[in-house]
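Peer 1: Okay, here's the structure, questions in a sec.
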Amino acid sequence: MASSSTSVVVSNKEKENKNTKKVTLKSSDGESFEVDESVAMESQTIKHIIEDGHYSSLALSLSVKTTMASSSTSVVVSNKEKENKNTKKVTLKSSDGESFEVDESVAMESQTIKHIIEDGCANNEIPLPNVTSGILSRVIEYCKKHKEAAGESEPSVTSYTSNSTTNPLTEWDTEFVKVDQNTLFDLILAANYLDIKGLLDLTCKTVADMMKGKTPQEIRETFHIKNDYTPEEEAEVRKENQWAFE
Amino acid sequence: MEEESYGSSERSSTSSEESAPYSTDNSSHATNPKNSEEEEEESSSSDDYPSKRRKLGPIVEEEDRISTLPDSILLTILSSLCAKDAVRTGVLSKRWAYLWTFVPSLRFTDYYFRHAADRANFVDNVLLLHRASKLTNFSVEVEYNPELKPRVDLWVRFATTAKVDQLSLLLSSCFYKLPQHLYANEFVSELNFRACEIKPNGLVRWSSLKRLCLWNLALHQDVLNKVLLGSPRLEFLELRNCDKFNRLDIVSESLKKLVMDSYDEDYPLELEIVAPKIESLEIIGDFYGMKKCQIKNASALVEVRVDFVIRMEYEDEEQEEDHYKNCENVVRELFESLNQVKKLIVGRWCLKVLSIMSVKHLSSPVLNCKCLTMKTSMEKWDLPGIASLLQNSPYVETLVIDIIFSNHDLEFLDRIYDEVNHWKSKEVYFKSLLQCLKTVKIFGFGERFHTKDVFILVVEFLLKNAKVLEKMVITEPWVMQNGIHNMQLKFLQVSQKLLSFPRISPHAVVIFPF
């Protein structure tokens with residue numbers, strides 16, 4: 001199964017929560033997923049590595065890409081997470097009825113959710129009628145990643161190093177917004193509703209970049225904006241705004 | 001065409017198709033958004049006339065989602081655009097007609113207009129129509145001449161009336177004298193001035209100012225004093241290519257980060273920083289003469305970047321040697337005040353000075369840093385410096401080596417010292433080192449370096465002596481992304497050689513992310 005083109009690093013880190021032993025899985029394109037050891041052991045491959053000993057840091061080759069890894073771990077996580085009562089969790093329910101259990105700290109990246117929790121109104125589940133499950137899962141992904149990056153204990157390599165012009169989080173963000181227009185707008189609306197400044201800024205900037213330097217007609221095409229001016233109105237508008245087009 | 005990439009498979013399920021059949025080549029691409037083909041033909045024949053002339057029958061209505069977004073979000077989007085692009089959205093459709101006039105961010109920073117007069121006219125027109133009562137950002141980048149003074153004064157007045165948060169005047173070729181009313185402003189939190197004349201008649205009162213960047217302008221000590229005194233919340237100060245001073249005392253109770261970038265004057269610079277809360281310091285760029293650089297009370301200092309060069313004209317090797325004697329003192333004194341810093345970035349020139357100090361057996365101060373970054377060209381004259389830094393940083397946990405290009409060779413040292421033997425002799429003292437080193441990251445290991453003996457020597461050494469090493473990552477992102485085949489092969493060969501070196505740490509992993 002070993003393929004030299006990919007590498008996955010498994011390392012054992014005991015974080016603040018000393019009750020559950022955690023394990024970090026890193027996919028080939030650099031994304032880390034921290035999961036409980038018990039959860040990771042759902043994979044026999046990983047289980048054997050852990051059981052065989054020296055696993056403070058291990059490299060193994062798996063031909064697994066990020067999406068695959070995340071889908072398998074998320075399935076596993078949802079099975080096991082109910083047993084783990086140590087980290088405070090909160091359940092978010094999407095408009096189409098799907099429930100997502102996340103760490104409270106991650107959910108609080110959303111100011112809206114933060115206020116709900118602080119006001120003491122989050123008993124069982126927090127319903128989010130304006131967000132579908134597909135979008136909610138992406139938003140959670142964003143919040144997790146940014147929460148993780150904020151809490152990095154290892155001093156991060158800043159953009160000072162000449163060869164890495166962007167820090168890893170910026171690269172992740174760039175990949176995150178490589179989605180179709182519909183998803184992008186859904187993310188914008190979700191970020192607005194949930195009041196997640198970072199995500200709103202990121203998605204809005206992405207849309208702005210799609211508009212930069214384009215002529216109005218090109219912008220209309222990109223976003224399917226219907227020109228509702230009559231030919232006369234348009235001529236008038238053009239004349240009035242002529243100074244902007246010189 | 002851009003549409004293709006926007007998950008067309010999702011689209012086809014939501015879009016409603018009209019009954020009229022399409023031409024055969026379209027029907028085979030069932031998921032292809034039909035609009036794109038229409039508009040492709042439209043745009044080639046006309047420039048801005050709407051796609052009302054339909055050549056292929058009724059169009060599938062692609063949803064115009066952007067226009068359905070609430071105003072506040074659209075304004076956030078427009079805020080990222082430069083003023084020219086923002087203004088042009090006014091012609092998109094009725095919904096967009098006067099939206100831009102409420103945009104809280106006005107950036108006149110693109111290079112669209114060739115003549116300064118045109119740029120000035122454009123700014124004037126925008127300000128006439130602009131309706132937002134509050135500005136978050138007002139930035140102008142223009143080539144200045146004294147004739148523009150009255151207009152620029154008006155723009156500044158416009159911005160301050162709108163209680164602007166961030167004001168940037170980035171000018172060039174001539175100096176613009178800031179209007180006096182600007183020195184007393186309680187709303188502004190960020191100021192960026194380039195080629196401006198700062199001469200307050202009275203006191204400066206910038207009670208909300210947090211960030212200040214001054215580029216290419218004359219700075220007098222008394223003006224700097226007024227500014228620092230009048231900015232009790234100042235957290236970030238950047239001075240780039242400023243002149244007309246030989247000695248600078250930077251005194252601030254609130255300052256958290258200082259960037260000192262380049263200096264070009266007749267007399268060597270004396271810099272003294274008194275900022276008890278300062279956390280981050282950067283001394284970068286070219287200094288045509290530096291006599292002293294000291295930080296008093298650096299107890300809060302966490303992160304420092306010393307990536308500068310003290311330049312001097314010298315004609316022969318003797319002058320070069322003298323020049324470096326002075327530099328040694330400056331660097332030593334500087335490093336002495338950095339001994340508590342946790343994260344240190346050392347540039348290539350400073351590393352070379354440390355090399356010289358090392359071969360002359362001059363002592364270097366001990367550092368307590370946990371994360372050390374070295375910028376080096378991995379040439380022979382970096383070796384003693386690297387050795388010296390490692391020797392003086394016993395607590396370092398993360399080491400980052402950034403390999404860069406350098407054509408800076410210290411020829412006068414060649415005839416006196418043998419750097420490799422120097423390294424080997426130091427190895428005796430290295431036994432007690434690297435006790436804490438856990439992570440090593442090496443960037444820029446490119447084609448030119450794979451044969452470099454220095455690089456291999458250093459890696460071998462690290463693997464042999466870092467007892468608790470967990471991870472060593474060696475990357476060359478540029479080569480890997482561009483996939484130049486024989487480079488990749490050489491990379492592989494060297495990486496295999498490196499992997500074969502003995503490691504003292506049982507858990508160490510060497511990773512070459514491809």
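The values are calculated or read from the model by the stated rules, or taken from the named source; none is laboratory data. Note that this is a predicted model, so its numbers are computed, not measured. Please note: Cβ atoms are built from the backbone with ideal geometry, for glycine as well, and neighbour counts cover all protein chains shown.
Peer 1: Given the criterion touching a residue at least 60 places away in the same chain (Cβ under 8 Å), more than 7 Å from chain B (Cβ to nearest Cβ) and on the phi < 0 side of the Ramachandran plot, identify the matching residue among A:K197, A:K214.
Peer 2: After ruling out the rest, the residue left standing is A:K197.
Peer 1: Quickly run through the stretch B:208-234 and pick out the residues that are of a type in the set (K, R) and under 25 Å from the mean Cα position of the chain (by Cα). If you could, list the steps in order and put the result at the bottom.
Peer 2: At the first step, the residues of the stretch B:208-234 found to be of a type in the set (K, R) are B:210-211, B:226, B:233.
Across the stretch B:208-234, the qualifying residues are B:K210, B:R211, B:R233.
Peer 1: Next up: Being within 7 Å of another protein chain (Cβ to nearest Cβ), under 31 Å from the mean Cα position of the chain (by Cα) and surrounded by fewer than 22 Cβ atoms within 10 Å (Cβ to Cβ) is the filter here; which residues of the stretch B:67-79 pass it?
Peer 2: Correct list: B:I73 only.
Peer 1: Which pairs have Cβ atoms under 8 Å, sit 6 or more apart or on different chains, and link a residue in the stretch A:118-140 that is without any contact (Cβ under 8 Å) to a residue 40 or more places away in the chain to one that is of a type in the set (K, R)?
Peer 2: Hits for this filter: A:E125/A:K93; A:I126/A:K93; A:P127/A:K93.
Peer 1: From the residues in the stretch A:102-117 that are without any contact (Cβ under 8 Å) to a residue 60 or more places away in the chain and of a type in the set (D, E), which one is surrounded by the most Cβ atoms within 10 Å (Cβ to Cβ)?
Peer 2: A:D103
Peer 1: Looking at the stretch A:155-177, is at least one residue within 9 Å of another protein chain (Cβ to nearest Cβ) and either at pLDDT 85 or above or outside any loop (DSSP other than H, G, I, E, B) (or both)?
Peer 2: no
Peer 1: So, one more: Name the residues in the stretch A:107-138 that are of a type in the set (A, V, I, L, M, F, W, C), in a helix (DSSP H, G or I) and in contact with a strand residue (DSSP E or B) (Cβ under 9 Å, 6 or more places away or on another chain), would you? Walk me through how you get there before you give the answer.
Peer 2: Step one: of the stretch A:107-138, the residues of a type in the set (A, V, I, L, M, F, W, C) are A:107-108, A:113, A:116-117, A:121-122, A:126, A:128, A:131, A:135-136.
Within this subset, residues satisfying the condition of being in a helix (DSSP H, G or I) are A:107, A:113, A:116-117, A:135-136.
A:A107, A:I113, A:I116, A:I117, A:L136, listed by residue number.
Peer 1: Do you know which residues across the stretch B:80-96 are facing chain A (nearest Cβ under 7 Å) and hydrophobic (A, V, I, L, M, F, W, C)?
Peer 2: Within the stretch B:80-96, B:L81, B:V87, B:V91, B:L92 qualify.
Per-residue answers, yes or no, for (1) in contact with an Asp or Glu (Cβ under 7 Å, 6 or more places away or on another chain); (2) exposed (fewer than 13 other Cβ atoms within 10 Å of the Cβ); (3) assigned to a helix (DSSP H, G or I):
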{"residue": "A:L199", "(1), (2), (3)": "no, no, yes"}
{"residue": "A:A208", "(1), (2), (3)": "no, no, yes"}
{"residue": "A:I219", "(1), (2), (3)": "no, no, yes"}
{"residue": "A:T222", "(1), (2), (3)": "yes, no, yes"}
{"residue": "A:K226", "(1), (2), (3)": "yes, no, no"}
{"residue": "A:V237", "(1), (2), (3)": "no, no, yes"}
{"residue": "A:E246", "(1), (2), (3)": "no, yes, no"}
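Peer 1: While we're here: Would you kindly identify the strands (runs of 3 or more DSSP E) lying entirely within the stretch B:222-272 that contain at least 1 residues that are polar (S, T, N, Q)?
Peer 2: Per the criteria, B:236-242, B:257-263.
Peer 1: Out of the stretch B:464-496, which residues are within 14 Å of chain A (Cβ to nearest Cβ) and modelled with pLDDT of 75 or more?
Peer 2: Correct list: B:A466, B:K467, B:V468, B:L469, B:E470, B:K471, B:M472, B:V473, B:I474, B:T475, B:Q496.
Peer 1: Among the residues of the stretch B:236-274, what is the count of those that are within 18 Å of the chain's Cα centre (by Cα) and more than 22 Å from B:G202 (Cα to Cα)?
Peer 2: So the first thing to find is which residues in the stretch B:236-274 are within 18 Å of the chain's Cα centre (by Cα), and the list is B:236-241, B:256-262.
After this cut, where a residue has to be more than 22 Å from B:G202 (Cα to Cα) as well, the list is B:236, B:238-241, B:256-262.
Counting residues in the stretch B:236-274 that are within 18 Å of the chain's Cα centre (by Cα) and more than 22 Å from B:G202 (Cα to Cα) gives 12.
Peer 1: Considering only the stretch B:189-205, how many residues are over 26 Å from the mean Cα position of the chain (by Cα) and either over 22 Å from B:L135 (Cα atoms) or part of a loop (DSSP other than H, G, I, E, B) (or both)?
Peer 2: Adding up the residues that qualify gives 6.
Peer 1: Moving to a separate point now. Give me the pairs: first residue in the stretch B:246-262 and closer than 13 Å to B:K296 by Cβ, second residue surrounded by fewer than 18 Cβ atoms within 10 Å (Cβ to Cβ), beta-carbon distance under 6 Å, and six or more apart or on different chains, which are they?
Peer 2: B:D249/B:E272; B:V251/B:V274
Peer 1: Right, here's the next one. For the stretch B:188-232, how many residues are loosely packed, with under 15 Cβ neighbours inside 10 Å, charged (D, E, K, R) and within 21 Å of B:V156 (Cβ to Cβ)?
Peer 2: 2
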